[in-house]
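Below is one structure; the comments refer to it alone.
The values are calculated or read from the model by the stated rules, or taken from the named source; none is laboratory data. Everything quoted here is computed from the prediction, not taken from an experiment. Backbone-built Cβ (ideal geometry, glycine too); neighbour counts: all protein chains shown.
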Amino acid sequence: MQQIGGTLSRTRKFVLPLIMAFAASAVSFLLSRNIPFHVPFLETAQLRTIDERFEARGPVNLGDTSKVVIVAITDQSFQTLPNTLFFPREYYARAVRNLFAAGARAVAIDVTFDGDSPLEGDDKAFAEMLKKYPATVLAVRSSISVSGKFKVLKSEDFFHNIFVREDSSIGAVLVKNDPDGVYRRYMPMVAFQTGENRFMDVPSFGFRAMSEYLGLRNPIAADSSSYFRLGPVKIPKYDETSMLINYPGPSGTFPTYDIWQVLDDSSFTTNDEKDFGLQINYYYSLRDSNVFRNKIVLIGAEYPESGDLKPIPFLKDPTDEHSNLAYGVEIHASAIETVLDQDFLRPVGQLADFLEMFLGAFLIAMTSFLFKSARHSRMVLVIFLPLVVTAGVIYVSYQAAFILFVESRLVLKIIYPILSYSLTYVSVVVYQFVSERKAKTAIKSLFSRYVDPSVVNQLVGNPDLVRLGGQRRILSVLFSDIANFTSVSEKLSPEDLINHLNEYLSAMTEVVFENSGTLDKYIGDAIIAFWGAPLELKDHAYQACRAAMEMTRRLDGLHSKWSADGKPILNFRIGINSGEMVVGNVGGRDRFDYTVIGDNVNLASRLESANKMYRSRILLSEYTYELVKERVFARELDLIVVKGKTKPVKIYELLSDQKDGISEDRRKVVELYCAGLSKYRSREWGAAAELFIKALDIDSSDYPSEMYLERSKLYEIEPPPPDWNGVFIMTTK
């Protein structure tokens, strides 16, 4: 019997660890496939390990080996090139011509042309150039509907690029980000919904550029469940629709030239050439150095206001966790370089995934059961020896994943094997304590090592704190940003800059709180606040306006103090909009923010930027104005279509609270201006100009009057078309 008992014991010591290891591995494996449910925290942590592996590998010095060159539209471009108010399409045509003349094999323009150019002949020149160089790829785009499908925002099938109708290639610039917001994947094809039950497969921007580069006609196909095919190249799948981008490095890795350098040939005069009275002709040095020869050249925006900065798995500054931003054109470049170099990141198969989880888990379980017969005096071995083994297995697994990534470009899962090992360790240790009556009192202590009681109490007592959803409310939102902050920051040391900025932000935040506002967040030097949540506020629009005016007064007071202290003067611009927004906790299960989102929030941001155009300080949308027009002084400035929208919106300059009054001269200027604007809208250019002149006679610094005077004089010489409705379309954010 003792022998039989001993045999059963030995069998149990083998079978039970096998069962526990298999169960932990199966749970972890299924969770890695989002079965039976999705665990966002695990997925986000797993994705983050990919970023860590990129950081461990480090950037790749592409040098002359890069098959992609970027021609960037930068802030310097706008300073160097003439006539950049609308950025003429003739510039793109000239760039395409010069790039092909310099030996480029394909040129892809990461810019969509939603509407006709306001410059005469501009579209025609660009269209003719596209016909001459069919290896030019045009960007097209879509949006993601609530159903998750990609849907074109307009009914016409030109996909936000009027030149699609020309004889040129097109590529979809949409790149899907991962749940944590980072862009790691790239799709060869994008299914655009062009109508009800009507779809069109469009090659992605990078794949279309590669097709032109390789001279392929119908290049993209999913040949198997494990790879895509681009001509003869097999591209490993990361999921059903995308590959993993093997980023060579952070932003700035690819050879990049400013577009003005490409345009500056003998028939083109830059502002610098005009100022200095000599021809630099930078293009020819680029052409003769063969930097574009046999390359794919991507033309795209690389200036912050373009709104095309995206997080990628590479930090430009290892000490700054927020320095992982790259421009969209660099993401396309990285995907192209990955495919053309055939330097692919290859996810391992499902069997290899499971075996990695199971073998380590089985080793941990067997180690625990080796000490099953240990008595209480040796209980430390029952607990801590398996813990050491678990830590060792985790370490080896972790390091192996990094080594295989760097040396063989294999992408092993890390978090889910660690989950399997942890589940195994927890399960076997719990089993040991449960099976020993003397150890029952240690169960709670054991679990307390792995479950934070404060977290549990928070989840039970305050379930709303972790709810990801929100609610729709009518709110008012305020965007405030410091004007010319970059130039101010250059005058101060980092320490002084932070102290100066903190003094400003503290004062402005106090104003928000004093006027019943909710601080959403700081974005650098910008302040976002809203009114009407979490507590309802009937006069939320008025309170937002009061806060904006008080912020102005508070800032004026700070100006006196800063001047006395010899500190730079800060000025801000404010945009306010009211309407339906979604408010609530947004984020992951473990970290979230109480914030507002929606189109009406974005409109307030656009209004803040629009102040630059009108030299104003506080702009209101017509929706806010309608709620406060009986309580404030404001004047209509324009009827505009902000970037990314098609519906025009009236904008108003907030001048004063009616309780605070307004000077007589200011009142007269506004009356004359409003009368002039009415004449202007009625196409009575001469009468409008006279009224604007009278307003300027009272206040020569009234820029809106000056602006409309100039417009009136121009329209008096060359009237707008009969269907003109006075709408101004913003081309920048």
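The set of residues from region 96-111 being surrounded by fewer than 23 Cβ atoms within 10 Å (Cβ to Cβ) and in a helix (DSSP H, G or I) comprises ARG97, PHE100, ALA101.
Scan region 238-262 residue by residue and report those that are in contact with a strand residue (DSSP E or B) (Cβ under 6 Å, 6 or more places away or on another chain), more than 20 Å from PRO59 (Cα to Cα) and in a loop (DSSP other than H, G, I, E, B). Listed by number, the residues that qualify are TYR238, SER242. Residue-level check: of (1) modelled with pLDDT of 90 or more; (2) crowded, with 20+ Cβ neighbours inside 10 Å; (3) closer than 26 Å to ALA326 by Cβ, GLN79 misses just (2). Of all residues in region 592-647, exactly one satisfies the criterion of being of a type outside the set (Lys, Arg), farther than 18 Å from MET581 by Cβ and under 19 Å from the mean Cα position of the chain (by Cα), namely SER609. Once region 558-578 is narrowed to residues that are under 33 Å from the mean Cα position of the chain (by Cα) and surrounded by fewer than 16 Cβ atoms within 10 Å (Cβ to Cβ), the residue that is farthest from LEU619 (Cα to Cα) is ILE569.
Okay, residues lined up against (1) among the polar types (S, T, N, Q); (2) surrounded by 13 or more Cβ atoms within 10 Å (Cβ to Cβ); (3) part of a helix (DSSP H, G or I):
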{"position": "THR486", "(1), (2), (3)": "yes, no, yes"}
{"position": "LYS491", "(1), (2), (3)": "no, no, no"}
{"position": "LEU497", "(1), (2), (3)": "no, yes, yes"}
{"position": "LEU519", "(1), (2), (3)": "no, yes, no"}
{"position": "TYR522", "(1), (2), (3)": "no, yes, no"}
{"position": "ALA529", "(1), (2), (3)": "no, yes, no"}
{"position": "GLU536", "(1), (2), (3)": "no, no, no"}
{"position": "ALA541", "(1), (2), (3)": "no, yes, yes"}
{"position": "ASP556", "(1), (2), (3)": "no, no, yes"}
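Looking at region 224-270, which of its residues are of a type in the set (Asp, Glu) and within 29 Å of the chain's Cα centre (by Cα)? The answer is ASP239, GLU240, ASP258. For region 399-417, the tally of residues that are buried (at least 16 other Cβ atoms within 10 Å of the Cβ) and either without any contact (Cβ under 8 Å) to a residue 12 or more places away in the chain or of a type in the set (Phe, Trp, Tyr) (or both) stands at 4. Do we have ARG467 as modelled with pLDDT of 50 or more and basic (Lys, Arg) here? So ARG467 fails the test. When you look at GLU337, is it buried (at least 23 other Cβ atoms within 10 Å of the Cβ), acidic (Asp, Glu) and not in a loop (DSSP other than H, G, I, E, B), yes or no? For GLU337, the condition - buried (at least 23 other Cβ atoms within 10 Å of the Cβ), acidic (Asp, Glu) and not in a loop (DSSP other than H, G, I, E, B) - is met. Note on region 113-131: residues that are in contact with a Lys or Arg (Cβ under 8 Å, 6 or more places away or on another chain) and in a helix (DSSP H, G or I) amount to 5.
When each of VAL649, VAL583, VAL601 is tested for being out of contact with any Phe, Trp or Tyr (no Cβ under 7 Å at 6 or more places or on another chain), buried (at least 17 other Cβ atoms within 10 Å of the Cβ) and without any contact (Cβ under 8 Å) to a residue 60 or more places away in the chain, the lone residue that passes is VAL649.
When the criteria are applied in full, VAL297 fails the requirement of being assigned by TED's automatic domain parsing to the domain that holds THR74, surrounded by fewer than 21 Cβ atoms within 10 Å (Cβ to Cβ) and hydrophobic (A, V, I, L, M, F, W, C). The residue list TYR395, TYR416, TYR421 contains one member that is touching an Asp or Glu at 6+ places or on another chain (Cβ under 9 Å), modelled with pLDDT of 85 or more and assigned to a helix (DSSP H, G or I), which is TYR416.
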